[in-house]
Amino acid sequence: MNSYAKVFDSLNFPPSIKRCAEGKIAPPLATFKAPADWYGFPPALIPIWSEGSRPTYIGIWKHWFIEREPSFVKMYVGAERATIEIARTAEQLFSFVVMMSISERDGVESDLVAFAKEVDIPNLEQIDAVSRVSGDEAHGLIMIDQFKNETPFESVSAIADYSGGFPTGDFDNSNSWWMKACSFEFSPEVLAAWPSSLSKPAWIADFGKEKLELFNDYLSVNNFDKAWLTLNSTGWTIRDARIAISDLGAKAKDCRFNLLVDAWLSVADESAGGY
């Protein structure tokens, strides 16, 4: 996954994120692997670590051609690649990993101290103390300094407390957030609660049209945002997704996006089947 180096360089994140993704900063969890392995993921995910026993990814989640801030997510490959927002800043991501390590090992070990120093997390004692109260439970993270502002969706106590751009499932909200989201971001509970009076976006609704056909419909009229969201929703073979992202890159003519295209194509082996 070193092919993602130029993508990390093009994004406004601390260099420590890239160094973690390249494996130059050792993670404090034996199950974390960097560069990440390929289990099949949509292009919106920029992987930092993978875990192989029950495959999951931790990485940057970035939507292109859409006004949404990138954030950090955990994707559960075995659960139809369900994706949850775990952090909105690099500091939160590293604190999240620190908390996972403390909870898994029941304390602070030397490799965790080294990791915290590398990624500039100074409050190990505070995180350790919180772990004794709440373990690594997501809502407990708000007791840590890094999570008190810009709290990620998984850690807020109430939807009203959330200020980010990840889909909330609040259909009373008037900002039409569902038009800026892909299917991996919708939980089964949100889909089940979808109001009958509200039409689902075509890339989420199952109405019989193949994803590549729908994607091409959007691309033909330069609806890059909807084409992108279609590409990052369920129902793709890797073969078709490779064709689609190449066509989107050629038509959008965005230099930074083409770095992502090149990176994803370099790892998107058809052996994964699809997503």
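Pick out, from Leu219, Ala193, Ile204, the residue whose Cα sits farthest towards the positive end of the charge dipole of region 123-230, with +1 on the Cβ of Lys and Arg and -1 on the Cβ of Asp and Glu.
Value: Leu219.
Would you mind putting 109-115, 45-51 in packing order, based on average other-beta-carbon counts within 10 Å, highest first?
45-51, 109-115
With charges set only on the Cβ (+1 for Lys and Arg, -1 for Asp and Glu), what does the dipole of the chain come to about its Cα centre, in debye to the nearest 20?
Details: 25 positive and 38 negative charges, 150 e Å.
My answer is approximately 720 debye.
Do the sum for the chain: with -39,500 (n - 2.57) for every DSSP H run of n ≥ 4, divided by all residues, what is the mean residue ellipticity at 222 nm, to the nearest 500 deg cm²/dmol?
That comes out to -10500 deg cm²/dmol.
Tell me, what HN-Hα J-couplings in whole Hz come from the Karplus equation 6.51 cos²θ - 1.76 cosθ + 1.60 at θ = phi - 60° for each residue of region 104-120, using x for Gly and Pro?
My calculation for region 104-120 gives 5, 9, 6, x, 9, 10, 4, 5, 5, 4, 5, 4, 4, 5, 4, 9, 6 Hz in order.
For region 238-256, list residues with backbone N below 20 Å from a point placed 7 Å from the Cα of Asn222 toward its Cβ?
245-256
May I ask you to order 57-66, 262-271, 190-199, 156-165 by the average number of other C-beta atoms within 10 Å around their residues, highest value first? All intermediate terms of the calculation are to be shown ahead of the outcome.
Numbers: 57-66: 21.4, 262-271: 15.6, 190-199: 10.0, 156-165: 13.5.
Output ranking for 57-66, 262-271, 190-199, 156-165: 57-66, 262-271, 156-165, 190-199.
Starting from the amide H of Gly274, placed 1.01 Å from N in the peptide plane, find each other amide H under 5 Å away whose residue is 5 or more places distant or on another chain.
Ile238
Only the coordinates and a few stated rules stand behind these numbers; no lab work does. This is a predicted model, so every value here is computed, not measured. Neighbour counts run over all protein chains shown; Cβ positions are idealised from the backbone, glycine included.
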